[in-house]
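Read the figures in this text as sums done on the coordinates, not as results from a lab. Only a predicted model underlies this, so the values are computations on that prediction, with no experimental measurement involved. Don't worry about glycine lacking a Cβ; one is built from the backbone with ideal geometry, like all the others, and counts go over all protein chains shown.
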There are 2 protein chains.
Amino acid sequence: VERITIVGVGLIGGSFALAVRKAGFTGRILGVSSPETIRTALDHGVIDEAMPLAQAAGQSDLIYLAQPIERILATLDELDAYVRPGTLITDAGSTKAAIVQRAQETIRRGRFVGGHPMAGKQSRGVAHAEPSLFSRHPYILTSRELELEHWVERIGAHLVVMDAAEHDRLVALTSHVPQLISTALASSIAAQSGAGRVAGPAAIDLTRLAMSSYDIWRDIFETNAGPIDAALERFIGKLEELRKNLRSPQMRDEFDRASAGAHALRQVRVL
Amino acid sequence: VERITIVGVGLIGGSFALAVRKAGFTGRILGVSSPETIRTALDHGVIDEAMPLAQAAGQSDLIYLAQPIERILATLDELDAYVRPGTLITDAGSTKAAIVQRAQETIRRGRFVGGHPMAGKQSRGVAHAEPSLFSRHPYILTSRELELEHWVERIGAHLVVMDAAEHDRLVALTSHVPQLISTALASSIAAQSGAGRVAGPAAIDLTRLAMSSYDIWRDIFETNAGPIDAALERFIGKLEELRKNLRSPQMRDEFDRASAGAHALRQVRVL
């Protein structure tokens, strides 16, 4: 890989640029984004040069789509015409089935591998990009591709390979249900008169995600509604079970299991 | 107040001792706890002296009960016999109705005011006590008492006065439901094969509370089952509503309301 194009130079795209640079990439990094974002990205030294998509894609070995999901789908619709045969294309969209399917329909000359770095932070935008954003977090690829696996590992992420459907089913529980929980809790607290006066660390912690922008989540709900619905149904079932057993001694087992599970999530992840 | 007794010198009791000391309390601080805890508390300079309850209570102006709820109830059963008339007694239990009722039945010579500092951290025990633990967090008193209000404010907490029933109803939503959410989520993730491999920051954030010890929560569920059941039912109703509207445009309003609520919780709290 001698030339990388980042399409959508926000927090994720910008961090990927900084991360591969820090990991030893010595080639050129091109950016495709809005004029305002490009200005910030150039100011922060995140990209080397800005270009329109057609021009950048035609001279790149790796194209990294870090836009919102619906924009990634739209980019895929036009991208293949611009790329040289064999160009590696990946993305960082939060759901994978819709994107992988679209790529299968549209990408002929390029080679597409879906990707999802499980990273992020509250502050968005390229000004908050950082090379360590992916470090020690899972990074899912929807199929094996040696060169891409190599970069995922070099930026410090934990490589996980699984197909798009399994990814979407699992993140419905680990990412999308947590968002809905946080939104529902913040909404419930806001609706209950006086509740804000007694909110302590637990409420603060669990309502952090509720400050996320709907603009990102609309596409996620749109492209992963089925798995989210199923995961939410199971989660609600578990809550009903706890509710029923509130004063039962078997709550100790529930707490033990949950605590062990929470600790396990915090272990350094292995393949 | 010239002499304070802390009964149960753990994270909360120890932090209260350090906090009043830092806020200018120049009298003596006595500790009632297990021998092991007392040793740590003396080593860390948290208390001045250890004593059995009867002896400490008889020479104190303020008695601070920072034990688990069931232990507070047991202490209340014997405490009044030891105290001098007019001794101020307060507690730091996480639910208030059961404790305030027990105090009404048992405390005759002393004056009891229920208390609940909305503070804490993952690490328990007096070794982790810190004088700033209560700083900028709500501190609920179940009735007005000038001297106690004075100390709550001097340790940097936000004084909130409300009756025990209202407290229990509100913390059911802001503290107890969050715990159950976290336990249910960690349990669900643990039960879903492969989910741990894709868990990102959201899952990590929302499963932190799941590592709490059941020993503390058993008493909370026991003494606040009614309000928790009601709050959980409403929260589940809100989740079902989000589930139904997953792809509806009105999710934007839900996100906006929740985000505004989450931001409001983070404003500096006022009376």
Compute the long axis of helix A:177-191 from its Cα atoms, compare it with the longest principal axis of the Cα atoms of chain A, and write down the angle in degrees, 0 to 90, nearest 10. 60 degrees
Mind putting a number on the dipole of region A:91-203 about its Cα centre? Charges go on the C-beta only, +1 for Lys and Arg and -1 for Asp and Glu, and I need it in Debye to the nearest 20. 240 debye
What three numbers, in Å, describe the spread of the alpha carbons of region B:57-97 along their principal axes, ordered from the longest? 26, 16, 15
Teacher prompt: B:Asp77 distances to equivalent labels in other copies, 7 Å Cα→Cβ, nm: 7.3
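Given 0.36 nm per residue, what is the gain on full extension from B:Glu240 to B:Ala74 after removing their alpha carbon distance, in nm? Intermediate results must be reported in sequence, preceding the final value.
Values: separation 166, 0.36 × 166 = 59.76 nm, distance 4.10 nm.
Contour length minus the Cα-Cα distance gives 55.7 nm.
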In peptide A:226-234, how many Cβ atoms from other protein chains are near each Cβ within 10 Å, on average? 3
Assuming R0 = 35 Å, can you tell me the calculated FRET efficiency for the pair B:Ser248 and B:Glu147, based on Cβ-Cβ distance, to the nearest 0.05? 0.05
Could you give the dipole magnitude of chain A about its Cα centre, charging the beta-carbon of Lys and Arg +1 and that of Asp and Glu -1, in debye to the nearest 20? 720 debye
Taking a crude spin-label model, label points 7 Å out from Cα along the C-beta direction, the A:Arg257 to A:Ala230 distance in nm is 2.0 nm
Towards the positive end of the charge dipole of chain A, with charges on Cβ (+1 Lys, Arg; -1 Asp, Glu), say which of A:Pro249, A:Ala17, A:Gly125 has the farthest Cα. A:Pro249
Using only the alpha-carbon atoms, how far is helix A:11-22 inclined from the longest principal axis of chain A? Give it as 0 to 90 degrees, nearest 10. 60 degrees
Rg (one decimal) and Dmax (whole number) from the Cα set of the protein assembly as shown, in Å, equal 27.1, 90
Restricting to DSSP H runs of at least four residues, report the calculated mean residue ellipticity at 222 nm for the protein assembly as shown, -39500 (n - 2.57) per run over all residues, nearest 500 deg cm²/dmol. -15000 deg cm²/dmol
Relative contact order (percent, whole number), region B:5-157, Cα cutoff 8 Å, 6+ residue spacing: 27 percent
Over the Cα atoms of region A:144-227, Rg to Rh with Kirkwood Rh, two decimal places? 1.13
Under the Kirkwood approximation applied to all pairs of distinct alpha-carbon atoms, what is the hydrodynamic radius of region A:9-155 in Å? 15.2 Å
Going down the table (A:Lys22/A:Lys238; A:Lys121/B:Lys96; A:Lys121/B:Lys244; A:Lys244/B:Lys121), which pairs top 32 Å between alpha carbons? A:Lys22/A:Lys238; A:Lys121/B:Lys96
Given H placed on each backbone N at 1.01 Å, which residues far from A:Glu130 in sequence or on other chains put an amide H within less than 5 Å of it? A:Ser15
Note, region B:147-162: 3J(HN,Hα) by Karplus (6.51, -1.76, 1.60, θ = phi - 60°), whole Hz, Gly/Pro = x, goes 5, 5, 4, 4, 5, 4, 6, 5, 8, x, 7, 8, 5, 10, 10, 7
What average number of partner chain Cβ atoms lie no more than 10 Å from the Cβ of the residues making up A:214-223? 3
If you take the beta carbon distance between B:Gln101 and A:Ser132 as r and set R0 to 51 Å, what does 1/(1 + (r/R0)^6) give as a FRET efficiency, to the nearest 0.05? 0.45
Exam field: B:Glu36 pseudo-label spacings to other copies (7 Å along Cα-Cβ), nanometres: 5.8
Distribution output for region A:126-271: share of Cα-Cα pairs per 5 Å bin in percent, first bin at 0, values 2, 7, 11, 15, 19, 19, 13, 7, 4, 2, 1, 0
Per GNM of chain B with C-alpha springs under 10 angstrom, the most fluctuating residue out of B:Gly226, B:Gly194, B:Gly93 is B:Gly194
Per its Cα gyration tensor (rounded if a/c is under 1.5, else prolate when a/b beats b/c, else oblate), region B:126-170 is best filed as oblate
Among B:Ile89, B:Val198, B:Val113 - extreme Cα towards positive end, dipole of region B:43-201, charges at beta-carbon: B:Val198
